[in-house]
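Peer 1: Provided herewith is a single structure, encoded as structure tokens, for subsequent inquiry.
Throughout, read-outs are computed from the coordinates displayed, never taken from laboratory work. Keep in mind that what you see is a predicted model, and the values were worked out from it rather than measured. Ideal geometry is used to build each Cβ from the backbone, glycine not excepted, and the neighbour counts take in all protein chains shown.
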Amino acid sequence: MGIGTTELILILAVVMIIFGAGKLPEVGSALGKGIRGFKKSLNEKEEINITPVAREEERVQQEAATQESQKTNVS
């Protein structure tokens with residue numbers, strides 16, 4: 001119940017009709033990169049880096065910059 005030779009030839013013919021023979025290497029390369037990336041994402045742990053301290057520091061720096069620019073505009 002897998003894909004046989006006839007089905008692969010039919011799929012290749014349809015792809016060649018749609019994209020043309022010149023674009024076939026680009027399509028194959030993009031497909032390979034997509035599959036490789038998908039497999040890599042399945043094997044890697046999901047890393048979520050939540051650093052509220054960094055966000056707080058960034059907010060404080062933005063507020064300081066805003067206050068500094070307001071002082072400059074007033075003077």
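Peer 1: Could you tell me which of rounded, prolate or oblate describes the stretch 5-74, using a ≥ b ≥ c as the square roots of the eigenvalues of the alpha-carbon gyration tensor, with rounded for a/c under 1.5 and, failing that, prolate when a/b is larger than b/c and oblate otherwise?
Peer 2: Oblate is the answer for the stretch 5-74, as a/c is 1.5 or above yet b/c matches or exceeds a/b.
Peer 1: Note down the magnitude of the dipole of the chain about its Cα centre, charges +1 on Lys and Arg C-beta and -1 on Asp and Glu C-beta and zero elsewhere, to the nearest 20 debye.
Peer 2: Result for the chain is approximately 360 debye, rounded to the nearest 20.
Peer 1: Next up: State which helices in the chain qualify, where a helix is a whole DSSP H run, it must extend 15 Å or more along its own axis by its Cα atoms, and its mean Kyte-Doolittle hydropathy must be at least -1.0. Let's see the in-between values first.
Peer 2: Numbers: long enough: 5-19 (21 Å, 2.63); 24-43 (29 Å, -0.17); 52-74 (33 Å, -1.47).
Those that pass (Cα extent of 15 Å or more, hydropathy at least -1.0) are 5-19, 24-43.
Peer 1: Hey, which lysines would be in cross-link range of LYS45, C-alpha to C-alpha under 21 Å, not counting anything within fewer than 8 residues on its own chain?
Peer 2: Straight-line reach from LYS45, under 21 Å: LYS33.
Peer 1: Using the Cα centre of the stretch 5-74 as origin and beta-carbon charges of +1 (Lys, Arg) and -1 (Asp, Glu), tell me which of SER69, ALA13, GLY28 is placed farthest towards the positive end of the dipole.
Peer 2: The listed residue farthest towards the positive side: ALA13.
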